[in-house]
Amino acid sequence: MNSNLEAAGSAWATWRNRFARLSRITVTPTGLMLLVVAYLLLTQNQSLARAVVGSLPKPFGWQEWRIALSALITTFNVLMLAMIALSWKPVQKPATCVLLVTAAVCSYFMDSFGTLIDKSMIMNVARTDFAEASDLMSGAFWTHVAVFGLLPAVVVWKVRLRRSGFWKEFRTRAALLMLVLTVQAAVLGLQYNELSFWGRENRSVAVLINPVSPINSAYSYLRRQYREHHAAPLLRIAGDATRAAVAGTRPLLVVMVVGETARAQNFQLDGYGRSTNPALSARRDLFNFSAVRSCGTATAESVPCMFSNLGQQRFSPRRAAEQENVLDVLHRLGVRVAWWDNDSGCQGVCSRVGSISIGEKNDPRFCTDGQCLDGALLSDLGDVTLKAEESMLLVLHMKGSHGPAYFKRYPESARRFTPDCRDENVQRCSLSEVVNAYDNSIVYTDSVLSDLIGQLDARSVSTDSVVLYVSDHGESLGEAGLYLHGIPYRLAPDQQTHVPMFLWLSAQASSRLKLDTHCLAQKTGQPTSHDAAFHTLMGLFSVRSKVYDPTLDLLSACQDAG
Ligand SMILES: [Zn+2]
């Protein structure tokens, strides 16, 4: 027994001496940063490397090597930026040690279980009790953390940092920061399109940058918790709203279709030379508005904006989230409101009225693995029945022409233009193949919308119906070297902000609203925008309120006020 203790004691002494010797090693702060970043990159980011390689087609061509190399440089730069931020004197060593241990904890779960440590995972962890969590922390876990986290942390703690004077350190750090930013700007600038195509299809890869992404997720989670606890109460709008009485007892069904990534330039209804709206163009009863501007260039802006009374000028996602929107007003006035979603969710717009995600039903006629063609949005439409005097707003949020995998947005029946790009790695397709795929997605949107109108038309014996379609934003397809969307609005090209919009009303709905259809047909070329949606919806349900602006209501000028 005694000899065992002695052996353990002497082993400890040997290790202590070895660690003590580390303090004779000196390193500059920049040297320490580079060593730690290299260590993290080489040993703690296996999942990231696997995901990047896995996302690219084999065998690797020049494009793929460029993307892989860009991912490597970007990861290096992200880690370097974190190290630079933490490099001031009292913080550098302890912060680096915390980073190393955090990275080891995360890499254990990421590499052994393929866990994505994103915001929802952090939430799961925060809500898990200790007993559940301790099950996951096996001997293998502790060994991994000791070897890959604690051991390098002890080394960092023990080595001596040779710092120069404040100004010299400051200059070195500033130069390093400039270098990192310049290299990153060059990487992004030289292959913006390849990276944005690849990035859109592989967003989750960024979540794997260890340990920066998990720490960032934890930070966002805490920030959201804080906001939720300190949020201002929801601002009520149109508290004075009332609905004007309508003669008769027929029910009213308004279907607002929020399109996705459809641009006016490729809509036949808006003058495109190709037959992308074969079904809708054949109708004589559509009011197609040909000069419509979107509120934003991304879903997260345009969708909350068009349902808000703020208008583009006063809109911000945060501001819109703090107040009610037209759905809330209509709901309060007794209108049935439903939101069926086949895209990225309602962006907070429907949070008080609820929504149905079409993907969850996974209807095999339209869906594979929860990814559905837009036809799925109509499969339950027949079940919507309204009683006398009832009225309903149904919002259908389409997947539309969401890119860059446009070919996933339409079935074979809509494959009108070929050859179409059928590769998720769009950068491998020619421009004309990409445009063909995009146009096919519009052809399919056309058939879904036409089908919707047909179904509503068929029930016009019993129900007055209206369809308002508007796309959330447009898309660049290579014009001026740009692809996709999301460019800051002031810089955005016409293709990203000029969107298709049309209105269809059953004959009875027109007379219910006392609409002069000839008058409306004259006005469809006038410039309008997403700002019209809020007021037009208010007008369609005959809502009267101080926030209702008839000049923005598409119909108001052509309605008989008496
Ligand atoms: Zn969108």
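The values are calculated or read from the model by the stated rules, or taken from the named source; none is laboratory data. These numbers come from a predicted model, not from an experiment. Positions of Cβ are generated from backbone atoms using ideal geometry, with glycine treated the same way; all protein chains shown enter the neighbour counts. Surface areas here come from the heavy atoms of the whole protein model, side chains and all, with no ligands, DNA or RNA. Shrake-Rupley method; radii C 1.70, N 1.55, O 1.52, S 1.80 Å.
Residue-level analysis places Glu424 outside the set of residues that are within 16 Å of the ligand (Cβ to nearest atom), in contact (Cβ under 8 Å) with a residue 40 or more places away in the chain and under 16 Å from His402 (Cβ atoms). Checked against the criterion of being of a type outside the set (S, T, N, Q) and either in a loop (DSSP other than H, G, I, E, B) or touching a Phe, Trp or Tyr at 6+ places or on another chain (Cβ under 6 Å) (or both), the stretch 28-40 contains not a single residue that satisfies it.
Hey, could you check the stretch 287-316 for residues that are among the hydrophobic types (A, V, I, L, M, F, W, C) and at pLDDT below 95 and say which is farthest from the ligand (Cβ to nearest atom)? That would be Ala300.
Screening the stretch 17-64 for residues that are under 19 Å from Ala103 (Cα atoms) and of a type in the set (Gly, Ala, Ser) and picking the one that is modelled with the highest pLDDT gives Ala38.
For the stretch 402-420, what are the residues that are away from the ligand (no atom under 16 Å from the Cβ), part of a loop (DSSP other than H, G, I, E, B) and either polar (S, T, N, Q) or surrounded by fewer than 24 Cβ atoms within 10 Å (Cβ to Cβ) (or both)? Selection gives Pro411, Arg415, Arg416, Phe417, Thr418, Pro419, Asp420.
Within the stretch 171-185, is there a residue that is touching a strand residue (DSSP E or B) at 6+ places or on another chain (Cβ under 7 Å), modelled with pLDDT of 85 or more and open to solvent by less than 80 Å² (accessible area, probe 1.4 Å)? The answer is no, given that none of the residues of the stretch 171-185 is touching a strand residue (DSSP E or B) at 6+ places or on another chain (Cβ under 7 Å), modelled with pLDDT of 85 or more and open to solvent by less than 80 Å² (accessible area, probe 1.4 Å).
Where helices (runs of 4 or more DSSP H) fall entirely within the stretch 454-562, those with at least 2 residues that are within 27 Å of the chain's Cα centre (by Cα) and buried (at least 19 other Cβ atoms within 10 Å of the Cβ) are at 494-497, 531-540.
Checking the stated criteria, Tyr444 turns out not to satisfy the condition of being within 16 Å of the ligand (Cβ to nearest atom), in contact with a helix residue (DSSP H, G or I) (Cβ under 9 Å, 6 or more places away or on another chain) and touching a residue at least 24 places away in the same chain (Cβ under 8 Å).
Does Lys399 fit the bill of being away from the ligand (no atom under 16 Å from the Cβ) and either open to solvent by 10 Å² or more (accessible area, probe 1.4 Å) or small (Gly, Ala, Ser) (or both)? Taking the combined requirement at face value, the residue does not satisfy it. Just the residues that are in contact with a Lys or Arg (Cβ under 8 Å, 6 or more places away or on another chain) and of a type in the set (A, V, I, L, M, F, W, C), please, taken from the stretch 354-393. Hits for the stretch 354-393 are Cys367, Cys372, Leu373, Ala376, Leu386, Ala388, Met392, Leu393. The condition of being within 16 Å of the ligand (Cβ to nearest atom), at pLDDT 95 or above, hydrophobic (A, V, I, L, M, F, W, C) and open to solvent by less than 70 Å² (accessible area, probe 1.4 Å) holds for only one of Leu373, Leu333, Leu377, Leu327, that being Leu377. For the stretch 209-240, the set of residues classified as of a type in the set (A, V, I, L, M), surrounded by 13 or more Cβ atoms within 10 Å (Cβ to Cβ) and either free of Cβ contacts under 8 Å to residues at least 24 places away in the same chain or assigned to a loop (DSSP other than H, G, I, E, B) (or both) consists of Ile209, Leu234, Ile237, Ala238, listed by residue number.
Taking the conditions exactly as written (within 18 Å of Tyr489 (Cα to Cα) and among the aromatic types (Phe, Trp, Tyr)), does Phe315 satisfy them or not? Spelling it out, Phe315 is indeed within 18 Å of Tyr489 (Cα to Cα) and among the aromatic types (Phe, Trp, Tyr). The residue of the stretch 285-316 that is most open to solvent (accessible area, probe 1.4 Å), among those that are more than 30 Å from Tyr272 (Cα to Cα) and in contact (Cβ under 8 Å) with a residue 24 or more places away in the chain, is Asn309.
Restricting the stretch 241-281 to residues that are more than 30 Å from Ser476 (Cβ to Cβ) and open to solvent by 70 Å² or more (accessible area, probe 1.4 Å) leaves a set whose member that is nearest to the ligand (Cβ to nearest atom) is Arg243.
In the stretch 430-441, the qualifying residues are those that are open to solvent by less than 30 Å² (accessible area, probe 1.4 Å) and either modelled with pLDDT under 95 or away from the ligand (no atom under 16 Å from the Cβ) (or both), and the one that is farthest from the chain's Cα centre (by Cα) is Asn436.
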